[in-house]
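This report concerns only the one structure given below.
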Amino acid sequence: MVAIEEYREMDISQPVEVVPGIWWIGAEDEDSHLKCHSYLLVDGEDAVLFEPGSLLHHQSIFQRVIKIVPLRKIRHIVLTHQDTDVCGSLPAWEMAFNSIPFHIVTHSRTVVFIKQYGISFPIYPIDQMYWNLKLSSGRILRFIFAPWCHSPGTFMTYDEKSRSLFSGDIFGAITNKWSFYADHFYVEAMRSFHDDYMASTRHLQYAMSKLAPLSIDRILPQHGSIINRDVLHYIHALSSSRCGIDLLCGDDPYRIGVKDVPLPVSGSLGNSTMANYSGLPIGYRYIIARVIEREMGVLGKEDATATARQVRGIHLDSEGNLIAIREKDGKDILNRLLSAYEKRFGFWAVFNCRLMLHNLIREFGLKMPDILDGKITNEQS
Ligand SMILES: [Fe+2]
Ligand SMILES: [Fe+2]
């Protein structure tokens, strides 16, 4: 087992102790862009398992757990929601535990669905237990309700002692080039994930507002990278992001596809603020800059900018910032850019941008690039 606090190049074939007593225990899955993480908190005679994972990863996670503690020490399994990547392995855990006593810690709304896995664990319903759990040492785990992010009973867990936040899907990401710890580009990868997997801006903002009173040193998401520095920067990024139904419909769900919407006021666009693009006229230039920024987060800066540089009509500075395009050619350039990403990385790369693009195109009153036209909703754009 290794105990490494710092960056990127690290041995993840073994459990990693991210802070004393808190272990990343997998899963290691080189074949998938979606990394699913489980964590183990060890506190004296108690251990708490966060998100035991899918059936696919069960053997690997199970082996890592028993390298750290005997099964009898695990008193609690925390499940943020009922998704298969979170807890599809529950029946296998039930068999392994046999008669060892422990509880499933989750919200009452989630219990309804977890029972469908055919398990009979005793439940610790957080909403009926004052939203906290006291371990036998007196250590307190506090549960932060984050409804519809992305299930009705979703919550995050705050460990007061280590000032760690186990965030479930929130702060997650799906990336081409995964790193254990988040870097500067992780913000855009995170936004791409939240565009789709979170219900709405209000839901996400509600969850973020609950974090304001907490002192958080690190965020341990179920997907993507661990955030171990500048935590407030990432919280702010999600607090100021639009997502879900708001990207699809704007402020009015009955106006999907309507082309004559007024131009937006400065600062209200998409996920970034216009201040990041001062000097760039509103329109395709802004949208193309956002796509490149998004792909830097999802595909990695090097691949995202190298691909963009090869697109006719796009000029980037040494940092990958868009210098100029001919606005009247904007639709064609955007289409060429998206086609270049699709050709090199598959439709997945374009898919990452689709809700953001849908929102911007609608707000600017422009036309959806051909590559995505008709692929976002069953309405025509
Ligand atoms: Fe989920
Ligand atoms: Fe998940």
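Compute the orientation-averaged projected area for segment 87-159 from the convex hull of its Cα atoms and round it to one decimal in nm². Please list the in-between numbers first.
Details: hull surface 21.2 nm².
Computed as one quarter of the Cα hull surface, the answer is 5.3 nm².
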Whole percent per 10 Å bin, from 0 to the bin with the longest distance: what is P(r) over all C-alpha pairs of the chain?
5, 23, 31, 22, 13, 5, 0
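Work through the residues other than R142 whose Cβ is under 12 Å from its Cβ and net out their charges, Lys, Arg +1 and Asp, Glu -1. Please list the in-between numbers first.
Numbers: positive: K134, R139, K161, R163, K210; negative: D159, E160.
Taking every other residue near R142 into account, the sum is +3.
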Projecting each Cα onto the charge dipole of segment 134-206 (Lys/Arg +1, Asp/Glu -1 at the beta carbon, about the Cα centre), which of I174, S200, T154 comes out farthest on the positive side?
T154
For R218, enumerate residues with amide H under 5 Å from its amide H, sequence gap 5+ or separate chain, H modeled in the peptide plane.
L165
Net charge, M198 excluded, C-beta distance under 14 Å - Lys, Arg +1, Asp, Glu -1:
-2
Could you give me the ³J(HN,Hα) list for segment 324-333, computed from phi with Karplus coefficients 6.51, -1.76, 1.60 and θ = phi - 60°, whole Hz, x at Gly and Pro?
7, 9, 7, 3, 5, 9, x, 4, 5, 5
Please list, by residue number, everything in segment 31-53 whose backbone N is under 15 Å from a paramagnetic label point 7 Å out along Cα→Cβ of F97.
41, 46-53
Under a point spin-label approximation (7 Å from Cα along Cα-to-Cβ), what is the E319-M10 distance to one decimal in nm?
2.8 nm
Over segment 16-239 - Rg/Rh using Cα atoms and the Kirkwood inverse-distance radius
0.93
No solvent, one uniform scatterer per C-alpha: report log10 I(q)/I(0) for segment 24-87 via the Debye equation at q = 0.13, 0.25 1/Å, two decimals.
-0.32, -1.08
Here the longest stretch of the chain that holds no chymotrypsin sites (Phe, Trp or Tyr not before Pro) in a DSSP loop having at most 13 other beta carbon atoms within 10 Å is 131-381
Which value in deg cm²/dmol, rounded to the nearest 500, describes the helix-derived mean residue ellipticity at 222 nm for the chain, given -39,500 (n - 2.57) per DSSP H run of n ≥ 4 and division by the residue count?
-9000 deg cm²/dmol
Cα gyration tensor, segment 285-345 - rounded (a/c under 1.5), prolate or oblate
oblate
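Compute, for the chain, the length of the dipole vector about the Cα centre, with Cβ point charges of +1 (Lys, Arg) and -1 (Asp, Glu) only. Units Debye, rounded to 20. Each step should come with its number before you reach the end.
Numbers: 39 positive and 44 negative charges, 95 e Å.
It works out to roughly 460 debye.
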Calc'd 3J(HN,Hα), segment 362-371, phi into Karplus 6.51 cos²θ - 1.76 cosθ + 1.60 (θ = phi - 60°), Hz, glycine/Pro = x, comes to 5, 5, 7, x, 9, 10, 5, x, 3, 4
Can you list the aspartates and glutamates whose alpha carbon sits under 13 Å from that of K115, skipping same-chain ones fewer than 8 residues off?
D83, E94
Residue pairs, from the table K35/K343; K331/K375; K328/K367; K67/K177; K73/K134; K210/K301, whose Cα atoms sit over 22 Å apart:
K35/K343; K67/K177; K210/K301
Assigned charges on the beta-carbon of Lys, Arg, Asp, Glu; segment 309-351 dipole about Cα centre (debye):
200 debye
Check which residues have an amide H placed less than 5 Å from S200's amide H, if you skip close sequence neighbours.
I245
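Would you tally the net charge around H57, using a Cβ to Cβ cut-off of less than 9 Å, leaving H57 out, and scoring K and R as +1, D and E as -1? Mind dumping the intermediate values first?
Values: positive: none; negative: E28, D29, D85.
Net of charged neighbours comes to -3.
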With a 10 Å cut-off between alpha carbons and a GNM built on the chain, which of R344, R294, R191 moves the most?
R344
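For segment 283-381, which GluC sites (Glu not before Pro) are both in a DSSP coil and crowded by at most 13 other Cβ atoms within 10 Å?
On the way: sites: E293, E295, E302, E319, E327, E342, E363, E379; in loops: E319, E379.
For GluC sites (Glu not before Pro) across segment 283-381 that sit outside H, G, I, E and B with at most 13 neighbouring Cβ atoms in 10 Å, the list reads E319, E379.
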For the chain, the charge dipole (Cβ of Lys, Arg +1; Cβ of Asp, Glu -1; about the Cα centre) points to a positive end, and the Cα of S215, L248, I235 closest to that extreme belongs to L248
Using a Förster radius of 56 Å, what is the FRET efficiency between D217 and R326 based on their Cβ-Cβ separation? Nearest 0.05, please.
0.75
Residue by residue through segment 157-164, the couplings from Karplus 6.51 cos²θ - 1.76 cosθ + 1.60 with θ = phi - 60°, in Hz, x for Gly and Pro, are 10, 10, 8, 4, 5, 8, 6, 10
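Each value in this text was obtained by applying a stated rule to the coordinates, not by laboratory testing. This one's a predicted model, so the numbers in the text were calculated from it and none came from an experiment. So basically every Cβ, Gly included, is an ideal-geometry build from the backbone, and we count neighbours across all protein chains shown.
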